[in-house]
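Q: One structure, pasted below without further comment.
The values are calculated or read from the model by the stated rules, or taken from the named source; none is laboratory data. Small disclaimer: the values here were computed from a predicted structure and weren't measured. With ideal geometry, Cβ positions are generated from the backbone for all residues, glycine too; neighbour counts draw on all protein chains shown.
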Number of protein chains: 2
Amino acid sequence: MSWEDNVRKVIPYVPGEQPTGRVIKLNTNENPYPPSPKVAEVLSHYDTDDLRLYPDVHGGELRDKLSEVYGVDKEKIFVGVGSDDVLAVAFMTFFNGRTPIIFPDVTYSFYDVWAELYNIPYMTIPLDDDFRIKKDDYLRTNGGIVIPNPNAPTGCEKSVEDLEYIISNNPDSIVIIDEAYVDFGARSVLPLIDKYDNLLVVQTFSKSFCMAGARIGMAFGNKKLIKYMNDVKFSINSYTMNRLTVAAGVAVLEDMDYLKEVRGKVIATRERMKKELTALGFTFPDSKSNFIFASHNEIAAADIFKAAKQAGIYVRWWDKRRISDHLRISIGTDEEMDAFIAFLKEFINGYL
Amino acid sequence: MSWEDNVRKVIPYVPGEQPTGRVIKLNTNENPYPPSPKVAEVLSHYDTDDLRLYPDVHGGELRDKLSEVYGVDKEKIFVGVGSDDVLAVAFMTFFNGRTPIIFPDVTYSFYDVWAELYNIPYMTIPLDDDFRIKKDDYLRTNGGIVIPNPNAPTGCEKSVEDLEYIISNNPDSIVIIDEAYVDFGARSVLPLIDKYDNLLVVQTFSKSFCMAGARIGMAFGNKKLIKYMNDVKFSINSYTMNRLTVAAGVAVLEDMDYLKEVRGKVIATRERMKKELTALGFTFPDSKSNFIFASHNEIAAADIFKAAKQAGIYVRWWDKRRISDHLRISIGTDEEMDAFIAFLKEFINGYL
């Protein structure tokens, strides 16, 4: 008997590489544009004296501002340290039954990690051959449902009508719709939170808000859901949203015009990339996110991944069943994407 | 069968009140002094462009700087969102046995909350009548040990020798020494982490570093312990330490002279308060922390607590067995403490 016998042994989530130095980083779906200049402005005048005091347990002004911008009562909003924190708390709060929770087989690779960590039984539901979620698959008995929309790493959107079909037909399960990428052209189910008491909508500042480095995520749901989540959160760490982050988050929300402009640019670049990649022999499901999940008709994804990395361009590749022929390519600036296309042209020419 | 059946129902930790407006706040052991002016300086020049990128999963420069300042290999350092995050991860990582973990009956009120949340069996060990930890009580069979030093809310220090006695006699248990308040005059067991592979030392930026609002905590232990904690952390949320917090934390560590000055002031005020409170008829265990756990010889703590609150002075009081006769009074500035003493004099005069 040693203390090691009592250690929780896990296979942790492996985040995408964070290389330093001059590389083109298309591997972790960050936004290529900086956040609103209002953030720098707020920080330059920030009264650091208040850092001596604990922050508000509910995210204070950040939650107030979210309430104002999204038109949602603040008691229906939960904020956390990135949507990973929000999702982890939601899994822990809502998925304590014996019936497996369900989510797609090809999806955000953190869902099964949380399920393993918290001893939540789970079952994955295969996407169809076009990487699409089939709504009727989600009518089976379950202890909870998690669906990202758009899905990752596929980028596919599921319609609000199909999602409502799933939500309304599972009144006894919490349905989490993970909308990390929803702002890049998909429709949100947020308006449904007052209609369905079993719906939790999760969003983030990390993608469309250009703030992955600030770690802010949020969930929207009815008051009862949010209260249950807060009870669990207060049993782990009461004060998660620090004062600087709250101030920076509020600044971003005060510049929604800037956010719209950035989204427009990312979407325009993505649409152009679809054409460029198609011309180079790639196929992919239609993406409504800030990445494209592409497979080349003749060249193995692993080979492109390795060669790109050597050329200083990082994309994401998984050595996993069903998806090892695909690369997930984040949408960078136009210049970055031009460099990537130039690399591909040269590599494909030399390869074929 | 409804989704509510699968909700984790908890009795959450109740944080001390965070009143707004002009009050004297002696209820949550915050530092009365602002953090080093270097924080404002760093923020005013912060390049917000990098906020679009995820932060380093290990806390990056903050861990590097801690390593430098504390002289501890960075692989022996874990950083988290306040010491509550660090402790929660440690509980989840190390306490997965069936034998109860043990900690004092009068102590930080989060320990039993985490144990309940994570289904960790636990048993509390009574302090003696002087609120002291008896070292031989911690030689019983256990699945882990948690001891704060100084203890909260008592403020009592346990000697390094006594703690080493407990650590060395429990080689098969992880022993967590929670040193949230150690910088106010107690001795740290940090030098023992290389001698004992079962020792984890937890500290925080929230008290002596004047940064409760920034949410930074850290743990020191051998590389194996820290790796196990990181594996669990990476299964919950890879990126907890955001970029702004890391920058602010580094700035604080670059001004250790300021920290020493602030600690000196808090300690001087505390020592003066001991005399003032004694003169007013209070008794208390000798405090080595930034608070005093005091009981009046004639007046109920609840009465003083309520009257102080009405006078705009917040201290902490718990309606709990063994401690309901006591107030935990955080050490504020000299001016704040003078106002509290003036209130007490008037109140006691009117009462007796």
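Q: Quick one: is A:ILE299 surrounded by fewer than 21 Cβ atoms within 10 Å (Cβ to Cβ), touching a residue at least 24 places away in the same chain (Cβ under 8 Å) and over 30 Å from B:GLY82 (Cα atoms)?
A: Details: surrounded by fewer than 21 Cβ atoms within 10 Å (Cβ to Cβ): yes; touching a residue at least 24 places away in the same chain (Cβ under 8 Å): yes; over 30 Å from B:GLY82 (Cα atoms): yes.
So A:ILE299 passes the test.
Q: Still on this structure: Looking for something under 20 Å from B:TYR108 (Cβ atoms) and within 22 Å of the chain's Cα centre (by Cα) - is there at least one such residue anywhere in the stretch B:247-255?
A: No, the stretch B:247-255 has no match at all.
Q: Quickly run through the stretch A:194-213 and pick out the residues that are within 10 Å of chain B (Cβ to nearest Cβ) and either within 15 Å of A:SER173 (Cα to Cα) or free of Cβ contacts under 8 Å to residues at least 40 places away in the same chain (or both).
A: Answer for the stretch A:194-213, where residues must be within 10 Å of chain B (Cβ to nearest Cβ) and either within 15 Å of A:SER173 (Cα to Cα) or free of Cβ contacts under 8 Å to residues at least 40 places away in the same chain (or both): A:ASP197, A:ASN198, A:GLY213.
Q: So which of A:PHE94, A:PHE103 is surrounded by 23 or more Cβ atoms within 10 Å (Cβ to Cβ) and over 18 Å from the mean Cα position of the chain (by Cα)? Break it down stepwise before answering.
A: Working: A:PHE103 fails: over 18 Å from the mean Cα position of the chain (by Cα).
From the options A:PHE94, A:PHE103, the qualifying one is A:PHE94.
Q: Sticking with this one: Here is a list: B:VAL69, B:VAL86. Which entry is within 23 Å of B:ASP183 (Cα to Cα), buried (at least 23 other Cβ atoms within 10 Å of the Cβ), β-branched (Val, Ile, Thr) and in the same structural domain as B:CYS156 (by TED's automatic domain parsing)?
A: Values: B:VAL69 fails: buried (at least 23 other Cβ atoms within 10 Å of the Cβ).
Only one candidate passes the filter, namely B:VAL86.
Q: A follow-up question, please. Restricting to the stretch A:38-63, what's the tally of residues that are assigned to a helix (DSSP H, G or I), within 23 Å of the chain's Cα centre (by Cα) and either more than 23 Å from B:ASP47 (Cα to Cα) or within 7 Å of chain B (Cβ to nearest Cβ) (or both)?
A: Final tally of qualifying residues: 2.
Q: Exactly one condition in (1) part of a loop (DSSP other than H, G, I, E, B); (2) more than 14 Å from chain A (Cβ to nearest Cβ); (3) closer than 28 Å to A:ALA247 by Cβ is false for B:VAL72; which is it?
A: B:VAL72 satisfies all of (1) part of a loop (DSSP other than H, G, I, E, B); (2) more than 14 Å from chain A (Cβ to nearest Cβ); (3) closer than 28 Å to A:ALA247 by Cβ except (3).
Q: So, in the stretch B:213-246, how many residues would count as being in a helix (DSSP H, G or I), within 22 Å of the chain's Cα centre (by Cα) and charged (D, E, K, R)?
A: 1
Q: Looking at B:THR28, B:THR20, B:THR93 in this structure, which one is assigned by TED's automatic domain parsing to the domain that holds B:ALA339 and touching a residue at least 60 places away in the same chain (Cβ under 8 Å)?
A: After applying the criteria, what remains is B:THR28.
Q: While we're looking at this one, here's another question. Please go through the stretch B:17-31 and pick out each residue that is in a loop (DSSP other than H, G, I, E, B) and either exposed (fewer than 12 other Cβ atoms within 10 Å of the Cβ) or facing chain A (nearest Cβ under 8 Å) (or both).
A: Scanning the stretch B:17-31 gives B:GLN18, B:THR20, B:GLY21, B:ARG22, B:THR28, B:GLU30, B:ASN31.
Q: Here is a follow-up. For the stretch B:121-141, which positions are under 21 Å from the mean Cα position of the chain (by Cα) and either within 14 Å of chain A (Cβ to nearest Cβ) or among the polar types (S, T, N, Q) (or both)?
A: Within the stretch B:121-141, B:TYR122, B:THR124 meet the criteria.
Q: Residues that are of a type in the set (Ser, Thr, Tyr), farther than 30 Å from B:VAL250 by Cα and in contact with a Ser or Thr (Cβ under 9 Å, 6 or more places away or on another chain): does the stretch B:123-141 have at least one?
A: Yes, the stretch B:123-141 contains a residue that is of a type in the set (Ser, Thr, Tyr), farther than 30 Å from B:VAL250 by Cα and in contact with a Ser or Thr (Cβ under 9 Å, 6 or more places away or on another chain).
Q: Confirm whether A:ILE147 is among the aliphatic types (A, V, I, L, M), modelled with pLDDT of 95 or more, touching a helix residue (DSSP H, G or I) at 6+ places or on another chain (Cβ under 9 Å) and over 18 Å from A:VAL182 (Cα atoms).
A: It is false that A:ILE147 is among the aliphatic types (A, V, I, L, M), modelled with pLDDT of 95 or more, touching a helix residue (DSSP H, G or I) at 6+ places or on another chain (Cβ under 9 Å) and over 18 Å from A:VAL182 (Cα atoms).
Q: Would you confirm, using the coordinates I've provided, whether A:TYR258 is aromatic (Phe, Trp, Tyr) and in a helix (DSSP H, G or I)?
A: Working: aromatic (Phe, Trp, Tyr): yes; in a helix (DSSP H, G or I): yes.
For A:TYR258, the condition - aromatic (Phe, Trp, Tyr) and in a helix (DSSP H, G or I) - is met.
Results for (1) buried (at least 24 other Cβ atoms within 10 Å of the Cβ); (2) assigned to a loop (DSSP other than H, G, I, E, B); (3) among the basic types (Lys, Arg); (4) not assigned by TED's automatic domain parsing to the domain that holds B:GLY97, shown as yes or no for each residue.
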{"residue": "B:ILE133", "(1), (2), (3), (4)": "yes, yes, no, no"}
{"residue": "B:ILE147", "(1), (2), (3), (4)": "yes, no, no, no"}
{"residue": "B:ASP172", "(1), (2), (3), (4)": "no, yes, no, no"}
{"residue": "B:GLN203", "(1), (2), (3), (4)": "yes, no, no, no"}
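Q: So how many residues does the stretch B:160-206 have that are out of contact with any Pro (no Cβ under 9 Å at 6 or more places or on another chain), of a type outside the set (A, V, I, L, M, F, W, C) and within 28 Å of B:ASN29 (Cα to Cα)?
A: 10
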